[in-house]
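One structure below.
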Amino acid sequence: MSPPPAPPAPAPFTWRLALGLVGVLIAALTSGINDRVTDIALIDLLGHFGLGHDQGTWISTAYAAAEVSAMLLAPWFAVTLSLRRFAIVVTLLFVTFGMLCPFAPNVASLVTLRVLQGLAGGALPPLLMTVALRFLPWHIKLYGLSAYALTATFGPNLALPLAALWTEGADWRLVFWEIVPAGLLGAALIAFGLPQDPVRFERFKQFDWRGALLGAGGLSMLIVALTQGERLDWLESPLIAWLLLGAAACVPLFVLNEWFHPLPIFKIQLLERRNFAYGVLTLMLFLFVGLAGSAIPTAYLTSVQGYRPLQSMPLALSIGLPQLLLAPLVATLINRNWVDARYVIATGLVLLTVACLGGAQLTDDWNRDNFYWLQAIHAVAQPMIVVPLLMLATGVIHPMEGPFASAMVNSMRGLASVLASVALENFITAREHFHSNVLLDQLGNRHSLVAPLLDSNTAQLAARVHRQALVLTYADAYMAVLVVIALLALVLLILPKRALPPQPPIPT
């Protein structure tokens, strides 16, 4: 079979092309923010749709599975159907399905709309990395990668404030409709700025159908099993057992198929390049660490102090908004030959360690103000990790390999995002049960002290035990994140090689 065709020669970088890239950035950020906003606002949405908790979990599960599947396939279709046309179509579809969601008459139609929206929205983040690698000239490529980094640092921290605004002071339908202005603007800028590539229908003759089915099917089964496993009691449920078995069969077969296919979806051989393997692995692990800056403080303030999302909103903004300045500043720093990006990452890991050690000292009298210094450290440290790792990972990628790299990075990132959320949720549940049992046992061993409390107000005693158990649990969560930071440090010592920032092409 013939090798995949080379991409067209890059167009000169102009202000018009820059606007097209901004359009892709807006669309990708909108997709990521929409995913988090709907998850945060899910409890409020269930009441409007008249759905129970169990039904609501399938809404999030279906979206996540569809989103990761689209991340896997989007770069191939973008090359085949033309990047510009594909980006415009999926952006408009993403907006359309979001507009229709509030009108869903039943749970089946709502899940269907969310699946379709997940397929469209999941296709957008890979396109951002693809256009950054393809169109940006060497001297501003790192700034384009810093824009992609915003999808991991800025977008997730903007979701909570938006969810709070729509559920506590506006029409709940704005949870779905907030994407409309940004999505339409993004599509318009893409149509205006990105050059039109030729359509390559001949690539369908070599399309990796087996790999698409094995990859999308295996990842979807794994995501459904992970997100529904705790609720259905894991292997005690035949559904979860079969899903895990199916994923265990499909994923290895997918890897084997991609290794030998002439036009694969994943180019597994890219992982032989140490810096690229480092970038993929570190980005996946970073998503676990990012929870320490957003999910843990919010969960503590909600469950222990009774905060509503609107009251927790400033914490998320204190991390998210500075990224608009800090990400390009980090790009400017590492865009110097004398700066070793690995040392910048190491400094970021040290800062995150300080923040997690500080968070582990929390007590039941902490409020929002106690977290601001931790959030400030996270705001500085997160771009110091994400932007340099993107430079290291993409520096070994040829422009022709951009779609392969984008598919791999984004689908693994999407899977890691699900893994991180599930791991945190299950960790908190398990540790809260553990601490509750330990506290109750300690109280039970002190009959003389406990008896008057039990006689006076049993409910008050139970509430105090539950509150203290939660405080200990969230302190443990910060300590658990330190384990992930240690893994990140170990990988940093072993895998990446020193890499220079993008260099001007050598004249021929």
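The values are calculated or read from the model by the stated rules, or taken from the named source; none is laboratory data. Nothing here was measured: the structure is a model prediction, and the numbers come from that model. Don't worry about glycine lacking a Cβ; one is built from the backbone with ideal geometry, like all the others, and counts go over all protein chains shown.
Taken residue by residue, the range 275-291 has at least one member that is at pLDDT below 90, of a type outside the set (Gly, Ala, Ser) and not in a helix (DSSP H, G or I).
Are any of the residues in the range 375-398 among the hydroxyl-bearing types (Ser, Thr, Tyr) and farther than 30 Å from residue 75 by Cβ? Lay out the reasoning, then the answer.
Narrowing the range 375-398 to residues among the hydroxyl-bearing types (Ser, Thr, Tyr): 394.
Still in the list and also farther than 30 Å from residue 75 by Cβ: none.
No: the range 375-398 contains no residue that is among the hydroxyl-bearing types (Ser, Thr, Tyr) and farther than 30 Å from residue 75 by Cβ.
Under 24 Å from residue 404 (Cα atoms) and surrounded by 15 or more Cβ atoms within 10 Å (Cβ to Cβ): does that describe residue 276? Yes. Going by the structure shown, is residue 300 in a helix (DSSP H, G or I) and either among the aromatic types (Phe, Trp, Tyr) or within 22 Å of the chain's Cα centre (by Cα) (or both)? Yes: the conditions hold for residue 300.
For the range 124-194, which fully contained helices (runs of 4 or more DSSP H) count at least 3 residues that are out of contact with any Cys (no Cβ under 8 Å at 6 or more places or on another chain) and among the polar types (S, T, N, Q)? Give the derivation first.
Details: elements: 124-135, 141-153, 155-169, 174-177, 179-193.
Counting at least 3 such residues, we get 141-153.
The residue that is surrounded by the fewest Cβ atoms within 10 Å (Cβ to Cβ), counting only those in the range 302-321 that are in contact with a helix residue (DSSP H, G or I) (Cβ under 6 Å, 6 or more places away or on another chain) and closer than 13 Å to residue 156 by Cα, is 317. Of the residues making up the range 310-347, those that are under 21 Å from residue 495 (Cα atoms), without any contact (Cβ under 8 Å) to a residue 40 or more places away in the chain and assigned to a helix (DSSP H, G or I) are 343, 347.
Conditions tested, residue by residue: (1) modelled with pLDDT of 95 or more; (2) in a loop (DSSP other than H, G, I, E, B); (3) buried (at least 21 other Cβ atoms within 10 Å of the Cβ); (4) on the phi > 0 side of the Ramachandran plot.
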{"residue": "380", "(1), (2), (3), (4)": "yes, no, no, no"}
{"residue": "385", "(1), (2), (3), (4)": "yes, no, yes, no"}
{"residue": "406", "(1), (2), (3), (4)": "no, no, yes, no"}
{"residue": "409", "(1), (2), (3), (4)": "no, no, yes, no"}
{"residue": "423", "(1), (2), (3), (4)": "no, no, no, no"}
{"residue": "435", "(1), (2), (3), (4)": "no, no, no, no"}
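Any idea which residue in the range 94-108 is nearest to residue 126 (Cα to Cα), counting only those that are touching a residue at least 40 places away in the same chain (Cβ under 8 Å) and surrounded by fewer than 20 Cβ atoms within 10 Å (Cβ to Cβ)?
Applying the first criterion (touching a residue at least 40 places away in the same chain (Cβ under 8 Å)) to the range 94-108 yields 94-95, 98-99, 101-102, 104, 107.
In the following step, the residues that additionally are surrounded by fewer than 20 Cβ atoms within 10 Å (Cβ to Cβ) were identified as 99, 102, 104, 107.
Working: 99: 23, 102: 27, 104: 29, 107: 30 Å.
Looking at residues that are touching a residue at least 40 places away in the same chain (Cβ under 8 Å) and surrounded by fewer than 20 Cβ atoms within 10 Å (Cβ to Cβ), I get 99.
Looking across the range 73-82 at every residue that is over 23 Å from the mean Cα position of the chain (by Cα) and of a type in the set (A, V, I, L, M), the one that is nearest to residue 171 (Cα to Cα) is identified as 81.
Table: residues versus (1) modelled with pLDDT of 90 or more; (2) crowded, with 24+ Cβ neighbours inside 10 Å; (3) among the polar types (S, T, N, Q).
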| residue | (1), (2), (3) |
| --- | --- |
| 92 | yes, no, no |
| 121 | yes, yes, no |
| 126 | yes, yes, no |
| 146 | yes, yes, yes |
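Taken residue by residue, the range 168-176 has at least one member that is closer than 22 Å to residue 125 by Cα, surrounded by 21 or more Cβ atoms within 10 Å (Cβ to Cβ) and of a type outside the set (A, V, I, L, M). In this structure, is residue 197 among the acidic types (Asp, Glu) and touching a His at 6+ places or on another chain (Cβ under 7 Å)? The answer is no for residue 197. Residue 474 satisfies every condition listed in (1) exposed (fewer than 15 other Cβ atoms within 10 Å of the Cβ); (2) within 23 Å of the chain's Cα centre (by Cα) except (1).
Residues checked against (1) assigned to a helix (DSSP H, G or I); (2) surrounded by 16 or more Cβ atoms within 10 Å (Cβ to Cβ):
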residue	(1), (2)
220	yes, yes
231	no, no
265	no, yes
270	yes, yes
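Considering only residues in the range 20-63 that are β-branched (Val, Ile, Thr) and over 21 Å from residue 154 (Cα atoms), the one that is surrounded by the most Cβ atoms within 10 Å (Cβ to Cβ) turns out to be 59. The single condition among (1) within 24 Å of the chain's Cα centre (by Cα); (2) over 30 Å from residue 50 (Cβ atoms) that residue 203 does not meet is (1). Taking the range 355-378 as the range and being more than 30 Å from residue 343 (Cα to Cα) and either within 22 Å of the chain's Cα centre (by Cα) or assigned to a helix (DSSP H, G or I) (or both) as the test, the residues that pass are 368, 369.
Output yes when any residue across the range 49-61 is within 30 Å of residue 299 (Cβ to Cβ), out of contact with any His (no Cβ under 9 Å at 6 or more places or on another chain), at pLDDT 90 or above and not polar (S, T, N, Q), and no when none is. Spell out how you get there, then give the answer.
In the first step, residues of the range 49-61 are kept if they are within 30 Å of residue 299 (Cβ to Cβ); the result is 49-61.
Going one step further and asking which of them are out of contact with any His (no Cβ under 9 Å at 6 or more places or on another chain), we end up with 49-61.
Imposing the further condition that a residue be at pLDDT 90 or above reduces the set to 58-61.
Pick out the ones that are also not polar (S, T, N, Q) and you get 58-59.
Yes, that holds for at least one residue.
Summed over the range 193-208, residues that are farther than 14 Å from residue 131 by Cα and either surrounded by 20 or more Cβ atoms within 10 Å (Cβ to Cβ) or modelled with pLDDT of 95 or more (or both) total 1.
For first residues located in the range 22-34 and touching a residue at least 60 places away in the same chain (Cβ under 8 Å), partners that are in a helix (DSSP H, G or I) and polar (S, T, N, Q) and lie 6+ apart or on another chain with Cβ distances below 7 Å form the pairs 27/91; 28/151; 29/151; 32/151.
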